[in-house]
Amino acid sequence: MSSFADAGVGPHTLAALAALGIDEPVQVQAEAIPALMQGRDVVIEAPTGSGKTLAFLIPMIERLPRRGAGPKALIVTPTRELALQVEKVLRSMKCDLRSTVLYGGVGYATQRLALKSGVDVVVGTPGRILDLVGQGKVSLSRIEYLVLDEADEMLDAGFAPSVEKLLGLTYQPQTVLASATMPTWVSNMAEKHTHDAVQVRLKTEGGPTLEHGMLRVAREHKLQTLSRLLHRHGGTAIIFGRTKHGVKKLNHSLRQLGHNTVELQGDLSQAIRDRAMASFREGRSQILVATNVAARGIDVNHVGLVVNFELPDSAQWLTHRVGRTARMGEAGRALTFVTPEDELAWTKLSRQGAPDIRELDTNRLLEEGAWHYRERSTRPLPAAHRPSQPATVNHSRRRRWPARTRP
């Protein structure tokens, strides 16, 4: 389709899109919306920032019955932030569908009240949705339109049992699975939960607008290297760590070094997480230090730099992290730190399909801000990058513990 009207999108929705400055569909919308308007199941694999959210929301707005016993649509996401973001996009469409967001980390009162008042669309995370179903506050028996956003995580081991329960509470809804990555095992799972689905696949992550380089750095130099990079960059950036404790510690260290940072990780209350994201979105804080919770679907405009301070556990997570920049044709850069201790982990990621990232000249990057790639070489790492030798132990000062006796 060359326009939204070509797919049968009505005047009210066209006017709402125009008010948002959206006049023509992007590729993922042009391919997905016609099939969804026809009532087909659709599996969408497309880069982050490519327009997937509107691709599944517009047909829902057009096709979903108004009023009556509900809810009629269910959109399931892996994180609270993504659920809130999807519902915000829905509200921006100025349609008459009543919606609410269900997620944990906050009290039940507001969510129960919204459900009691009646809703057409539920957006939320699996745990809280099931919780409220179990309390008898919401029924999924009338769901006609079901979306699993970030489907690869929704169907992975962590969420799969809860998602399977949710799906079992619905009866043959039109189904959309959407994600930036769709490994083979997810595609196989998708066949189980969809019927004759239309496949929409866009393989253009970042494209020519994304520069992604590797920095090899000794572990003891990582923090100072990162700090110098951020001072030179001067713009918005997301720094990814691996654990909640590590992100908290890194955020504290960067603030001590004079950086205007906020953190986003699972141990924070929802109110603090909301304030952190608001501060970052509104430009009051330029740097977001986060776990993978920020790698899924969080839409922040003009993130100029993503830094993988610590490697993720899978190549798919690397894709999602890097996808926070170079969105919708905007230019962006990503840096992945690799220490000597990370070499085995990096080899594993490469075997899983991580991109072949070229090594940058660290000195030129820090001194000049120049993205100058090193010549590919099989030479050993420079001495500064090699693992240091274990410190000598002074056995005379080692604490002696009583000998363990056999039972």
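Laboratory data are not the source of any read-out in this text; all were calculated from the coordinates shown. In this text the structure is predicted, and so the values were computed from the model without any measurement. Every residue, glycine among them, receives a Cβ derived from its backbone with ideal geometry; neighbour counts consider all protein chains shown.
What residues from region 248-286 fall in the zone where the backbone N is under 20 Å from a label point 7 Å along the Cα-to-C-beta line of Arg242?
Residues 248-254, 264-267 qualify, since their backbone N sits under 20 Å from the label point.
Going toward the positive end of the dipole of region 207-377, with +1 on Lys and Arg Cβ and -1 on Asp and Glu Cβ, which of Asn260, Thr319, Thr209 do you reach last?
Asn260
Which whole-number percent gives the relative contact order of region 207-377, counting Cα pairs below 8 Å spaced six or more residues apart? Each step should come with its number before you reach the end.
Details: 296 pairs, mean separation 54.6, N = 171.
About 32 percent, as a whole number.
Tell me, what HN-Hα J-couplings in whole Hz come from the Karplus equation 6.51 cos²θ - 1.76 cosθ + 1.60 at θ = phi - 60° for each residue of region 174-180, using x for Gly and Pro?
Whole-Hz 3J(HN,Hα) from phi for region 174-180: 5, 10, 10, 10, 10, 6, 7.
Each label point is 7 Å from the Cα along the Cα-to-Cβ direction; what then is the distance between the points at Lys249 and Arg219, in nm?
Each label point lies 7 Å from its Cα, and together they span 1.0 nm.
What full-extension length gain, to one decimal in nm, is calculated for Lys137 and His231 as 0.36 nm per residue of separation minus the Cα-Cα distance?
Once the chain is fully extended between Lys137 and His231, it gains 28.8 nm.
Return the lysines within reach of Lys248: Cα separation strictly under 25 angstrom, same-chain partners fewer than 8 residues apart disregarded; answer none if there are no such residues.
Cα-Cα hits under 25 Å: Lys222.
Suppose R0 equals 41 Å; then what is the FRET efficiency for His12 and Tyr108 from their Cβ-Cβ distance, rounded to the nearest 0.05?
0.75
Just for the Cα atoms in region 207-377, what are the lengths along the principal axes, largest first, rounded to whole Å?
Rounded to whole Å, the extents work out to 48, 35, 34 Å.
Using Cα positions and a limit of under 12 Å, work out the aspartates and glutamates in reach of Lys88, with same-chain residues fewer than 8 apart set aside.
Asp299
Rounded to the nearest 5, what % of the DSSP beta bridges within the chain are antiparallel ones?
Close to 0 percent.
Could you derive backbone 3J(HN,Hα) for region 335-342 from the dihedral phi with the Karplus parameters 6.51, -1.76 and 1.60 (θ = phi - 60°), listing whole Hz in sequence and x where the residue is Gly or Pro?
Along region 335-342, the couplings run 10, 10, 7, 10, 9, x, 5, 8 Hz.
Could you work out the helix-only [θ] at 222 nm for the chain, with each DSSP H run of four or more residues adding -39,500 (n - 2.57) and the total divided by the number of residues, to the nearest 500 deg cm²/dmol? Present the calculation step by step, with values, prior to reporting the outcome.
On the way: 15 runs with 147 residues, N = 407.
That comes out to -10500 deg cm²/dmol.
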